[in-house]
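What follows is a short report on a single structure.
The values are calculated or read from the model by the stated rules, or taken from the named source; none is laboratory data. Not measured: the values here are computed from a predicted model. So basically every Cβ, Gly included, is an ideal-geometry build from the backbone, and we count neighbours across all protein chains shown.
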Amino acid sequence: MEKKKPFYGWVIVAVAVVCMMLGCGAFTGAAAAYIAPVCEQMGFAKGEFTLYRTIVSLLGALLMPAFAGVIRKLGAKKVMLIGLLGNALAYALYSFGSALWHFYLAAVLEGIFTNGISFLTIGVLINSWFLDNRSTV
């Protein structure tokens, strides 16, 4: 009797879950842990400093419709890779920030690329693997 291979789409779902846990949970949650120490060390007001998260969120929301077109044009895998590299660069820039505007600039970069590794891109990727049973996932 031939052993049936498991559907590879479930591997994609598992990896997507891990990516979302890291992207939404670890990075966003970890960012909250750094607010007080960074503000204390740099002399920023917490309200001024946390504006960087607002910049990321607003840019992400405003650019989401454009990313849908980019995903159709380039494909989800390429968009995810570009988004990952762009976010990595933004986080590297955060580590070099010594003035408030440095954090805002890095936030603009993160906001531009955040949709590349967000629910939008992962949803498109998963959707392409489950053509027959989309409601299963």
Unmet requirement for Leu125, which otherwise passes all of (1) under 21 Å from Ser57 (Cβ atoms); (2) modelled with pLDDT under 90; (3) of a type in the set (A, V, I, L, M): (1)
Positions within the range 97-132 being closer than 30 Å to Tyr8 by Cα and not in a helix (DSSP H, G or I), in sequence order: Ser118, Phe130, Leu131, Asp132
Tabulated pairs, the range 15-30, first within 21 Å of Ala92 (Cβ to Cβ), second at pLDDT 75 or above, C-beta under 8 angstrom, 6+ apart or interchain: Cys19/Ile117; Cys19/Ile122; Gly23/Ile117; Gly23/Ser118; Phe27/Tyr91
Any chance Lys73 is within 20 Å of Val17 (Cα to Cα), modelled with pLDDT of 90 or more and not aliphatic (A, V, I, L, M): no
Any hit, the range 80-89, residues being of a type in the set (S, T, N, Q) and under 29 Å from Phe130 (Cα atoms): yes
Lone unmet requirement of (1) at pLDDT 85 or above; (2) surrounded by 11 or more Cβ atoms within 10 Å (Cβ to Cβ) for Phe96: (2)
Sole exception among (1) touching a helix residue (DSSP H, G or I) at 6+ places or on another chain (Cβ under 6 Å); (2) more than 16 Å from Cys39 (Cβ to Cβ); (3) of a type outside the set (Ser, Thr, Tyr) for Ala88, by number: (1)
Single condition Gly69 does not satisfy, out of (1) surrounded by fewer than 12 Cβ atoms within 10 Å (Cβ to Cβ); (2) under 12 Å from the mean Cα position of the chain (by Cα): (2)
Scope the range 99-116; condition more than 13 Å from the chain's Cα centre (by Cα) and either over 18 Å from Glu48 (Cα atoms) or exposed (fewer than 13 other Cβ atoms within 10 Å of the Cβ) (or both); matching residues: Ala99, Trp101
